[in-house]
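What follows is a single structure, written as structure tokens, with notes after it.
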Amino acid sequence: MQQNEYLQVGVITSTHGIRGEVKVFPTTDDPSRFEDLKEVVLDTGKEYRKLAIEGVKYFKQFVILKFKGIDNINDIEKYRKMPLLVSREDAVELEDDEYFMADILEMDVYTDGGEFFGTLTDILETGANDVYVIDTKEHGEVLIPAIKDCILDVNTEENKMTIHLMDGLIS
């Protein structure tokens with residue numbers, strides 16, 4: 001599996017004022033991380049464009065970004081609804097047993113008995129812990145809590161996750 005070179009940290013939702021600022025919906029766990037970034041990469045759908053960050057403010061759940069060299073609403077308007085990315089080098093440091101969603105989505109999931117169980121298709125972020133949605137042939141969609149008792153091993157190189165099916169998880 002070719003791992004993504006870039007990771008999404010936000011999506012431009014709209015312009016903010018007339019001086020080229022944008023309102024960004026953060027897709028990162030820590031919106032304050034924009035303060036540490038010098039640049040982001042805009043995915044226009046056709047190309048990746050590097051944008052240097054000149055200013056960071058906050059408004060409700062949004063991050064307001066000002067990019068160097070973009071000083072007019074007309075220069076930024078066309079980038080609404082487009083994702084902002086960072087290179088893996090600029091990504092946050094992960095703790096042990098933490099993974100970027102991009103690295104585990106579509107991962108093959110096996111039981112601790114070595115049998116193929118299904119494919120991880122979605123991650124639900126709940127208050128206590130994430131829940132992995134696994135698409136299986138035999139049981140349909142199965143929800144597995146992302147806790148140490150259930151997730152035994154994650155190997156991003158082999159695109160393989162090993163789980164323990166606790167009683168009651170499948171009917």
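The values are calculated or read from the model by the stated rules, or taken from the named source; none is laboratory data. Worth saying up front: this structure is predicted, and the values here are computed from it rather than measured. Cβ: placed from backbone, ideal geometry, glycine included. Neighbour counts: every protein chain shown. Keep in mind that these areas ignore ligands, DNA and RNA; they rest on the heavy atoms of the full protein, side chains included. Shrake-Rupley method; radii C 1.70, N 1.55, O 1.52, S 1.80 Å.
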Query raised in the report: Measuring from label point to label point, each 7 Å out along Cα→Cβ, what is the His139 to Tyr58 span in nm?
Result: 3.9 nm
Query - Other-chain or far-sequence residues with amide H under 5 Å of Ala146's (modelled H) - result: Asp130, Val131, Tyr132
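Can you give the charge dipole size of region 1-47 about its Cα centre, rounded to the nearest 20 debye, using +1 on the beta carbon of Lys and Arg and -1 on the beta carbon of Asp and Glu?
Details: 5 positive and 9 negative charges, 47 e Å.
Around 220 debye, computed over region 1-47.
Expected output is a single nm value to one decimal: the length gained when fully extending between Leu37 and Phe116, i.e. 0.36 nm times separation in residues minus the C-alpha distance. What is it?
Values: separation 79, 0.36 × 79 = 28.44 nm, distance 4.03 nm.
Difference between extended and current length: 24.4 nm.
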Query raised in the report: Per residue, how much accessible area does the chain show when a 1.4 Å probe rolls over the protein heavy atoms, in square angstrom?
Result: 62 Å²
Report summary line: Among [x] 59, 31, 28; [y] 62, 43, 28; [z] 46, 37, 24, the value of Cα extents along the principal axes in Å computed for this structure carries the label [x]
Requested in this report: Output ³J(HN,Hα) for region 107-112: one whole-Hz value per residue in order, computed from phi by the Karplus curve 6.51 cos²θ - 1.76 cosθ + 1.60 with θ = phi - 60°, and x for Gly and Pro.
Outcome: 6, 6, 10, 10, 7, 5
Requested in this report: Taking the Cα centre of the chain as origin, sum charge times position over the Cβ atoms of Lys and Arg (+1) and Asp and Glu (-1), and report the length of that vector in debye to the nearest 20.
Outcome: 1440 debye
Report task. Run through all the Cα pairs of region 102-155 and give the fraction in each 5 Å bin from 0, expressed as whole percent. Result -> 5, 21, 31, 30, 12, 2, 0
